[in-house]
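A.B. asks: The following block contains the structure, expressed as structure tokens.
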Amino acid sequence: MEQFIEWISQPWPWWVAGPLIGLTVPALLILGNKTFGISSSLRHICAACIPAGIPFFSYDWKKELWNIIFVLGVLIGGFIATTFFANPDTIVVAEATQQDLAALGITDYTSLMPAEIFNWENLLSGKGLLFFVLGGFLVGFGTRYAGGCTSGHAIMGISSLQWPSLVATIFFMLGGFLMTHVFLGPLMSLVGF
Amino acid sequence: MLATEKNKNTTPVECEAPNLQEKKNESLLKYLIIGILFGIVFVKAEIISWFRIQEMFRLQSFFMYGVIGSAVIVGMISVQLIKRLNIKSISGEKINIPKKEFRKGQIIGGLIFGLGWALTGACPGPLFAQIGSGFTVIVVTLLSAIAGTWVYGKFADKLPN
């Protein structure tokens, strides 16, 4: 048992994680005739809690309850992996990335998320406004506008050979490159990094 | 009465409602389990890490490209097998994959999501796994993402699409 925990606690390589994520596609199709997609859960939460008579949220969200249960599972899975099979060593990040991030003031690699950014003290500051409030808003607004996220478009959509999903994925990546290489530095110095 | 007739040769009528209830709970349980496994993979492969997303967008590590690429390949083979072998779902239905129509939103919305992805270091799935992993402040990011979704819904018919 101890050996098992030790073995499972190492970080998993991409060629284990990727295929397992890919298998979610047939698992959901075969077990429930459901198409893989995560950002829809945010829409269902809106429809369930704050529909406000908006047509976009006026549908029977209870039929989509499976999707909310699925993301609840993702949250629980995160808890289980971190509590029982956490990697005892610090995360290994590419040397070049470490240098780039050091220039932005990010040097803490003790956990999976940089402690300089992701802590409660930052919440009511410009840092929190940028990374949590603006970041989250762009993710929620953008995924819904695009009709899906990495799971619905990049994985499910491209897997089923739908070219609009390939277009969406290309623009996800372009947005990410643009933020990382153009806006991130100036925005971070603006909020005090 | 209809229910009684339908079941007269199988189960007594008083058992029908509890059975249905049980069946419904059981059918949702499988999604919980798939979600849990998925969340474990996210954490164990460190996909939820902001650092991994930075490596990806700086083209300094192959890791995330390997994850997404191999996931797509496995997904593609699976979908092709399901289609060609005409595999049915466990409840015997024909498997249905809705067609995605091209809209301007995939370009504009896609770009907006990408900007957010590089900030939060997470697409919607990892957001949930980050919270489960104890990064509780991400609850704020999630609430903001829900707000973003709501604002899109509110103005959906006024935006170019």
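The values are calculated or read from the model by the stated rules, or taken from the named source; none is laboratory data. Small disclaimer: the values here were computed from a predicted structure and weren't measured. With ideal geometry, Cβ positions are generated from the backbone for all residues, glycine too; neighbour counts draw on all protein chains shown. What goes into the accessible areas is simple: the full protein's heavy atoms, side chains included, and nothing from ligands, DNA or RNA. Shrake-Rupley method; radii C 1.70, N 1.55, O 1.52, S 1.80 Å.
A.B. asks: Using bins 10 angstrom wide from zero, how does P(r) for region A:1-100 break down, in % of all Cα pairs?
C.D. replies: 12, 29, 28, 20, 10, 1
A.B. asks: So, one more: Just to check, using Stokes-Einstein with a Kirkwood Rh over alpha carbon pairs, what's the diffusion coefficient of region B:28-156 at 25 °C and 0.890 mPa s in µm²/s?
C.D. replies: 142
A.B. asks: Of B:LYS94/B:LYS154; B:LYS99/B:LYS154; B:LYS30/B:LYS99; A:LYS127/B:LYS44, which ones are farther than 32 Å apart at the Cα?
C.D. replies: Over 32 Å apart, Cα to Cα: B:LYS94/B:LYS154.
A.B. asks: So how exposed is A:TRP61, as accessible area in Å² (1.4 Å probe, rounded to 10)?
C.D. replies: Approximately 70 Å² of A:TRP61 is accessible to the 1.4 Å probe.
A.B. asks: What accessible area, summed over both chains, is buried at the A-B interface (1.4 Å probe, Å², nearest 100)?
C.D. replies: In total, this chain pair buries about 10400 Å².
A.B. asks: Two decimals is fine: what's Rg over Rh for region A:119-193, C-alpha atoms, Kirkwood radius as Rh?
C.D. replies: Expressed as Rg/Rh, it is 1.09.
A.B. asks: Evaluate peptide A:165-171: per residue, the Cβ atoms of other protein chains within 10 Å of its Cβ; return the mean as an integer. Provide the component values of the computation, followed by the final result.
C.D. replies: Working: counts 4, 1, 6, 11, 5, 5, 10.
Per-residue shielding by partner chains comes out at 6.
A.B. asks: Explain nothing, just the number: dipole magnitude of region A:13-116 about its Cα centre with +1 on each Lys and Arg Cβ and -1 on each Asp and Glu Cβ, in debye rounded to the nearest 20.
C.D. replies: Using only the charged Cβ atoms, the result is roughly 680 debye.
A.B. asks: Report, in deg cm²/dmol and to the nearest 500, the calculated mean residue ellipticity at 222 nm for the protein assembly as shown, where each DSSP H run with n ≥ 4 adds -39500 (n - 2.57) and the sum is divided by the residue count.
C.D. replies: The helix-only estimate for the protein assembly as shown comes to -19000 deg cm²/dmol at 222 nm.
A.B. asks: May I ask you to list, by number, the DSSP H helices of chain A whose Cα span along the axis is at least 15 Å and whose average Kyte-Doolittle hydropathy reaches 1.0 or more?
C.D. replies: Span-like helices here: A:14-32, A:65-84, A:163-178.
A.B. asks: If you take each beta carbon of peptide A:150-156 and count the beta carbons of other chains within 10 angstrom, what is the mean? Before the final figure, lay out each step's value.
C.D. replies: Numbers: counts 10, 5, 3, 4, 6, 7, 6.
Partner Cβ neighbours, averaged per residue: 6.
A.B. asks: Give me the mean projected area, in nm² to one decimal, of the convex hull enclosing the Cα positions of region A:33-91.
C.D. replies: Seen from a random direction, the Cα hull of region A:33-91 projects 5.9 nm² on average.
A.B. asks: Continuing with this model, one more query. Starting from the Kirkwood Rh over alpha-carbon pairs, what translational D in µm² s⁻¹ does the protein assembly as shown have by Stokes-Einstein at 25 °C and 0.890 mPa s?
C.D. replies: Taking Rh from Cα pairs, D becomes 117 µm²/s.
A.B. asks: For A:50-56, what's the mean count of beta carbons from other chains sitting within 10 Å of each residue's beta carbon?
C.D. replies: Taking all residues of A:50-56 together, the mean is 4.
A.B. asks: Moving to a separate point now. Under the rule a/c < 1.5 gives rounded, and otherwise a/b versus b/c splits prolate from oblate, where does chain A land using the Cα gyration tensor?
C.D. replies: Oblate.
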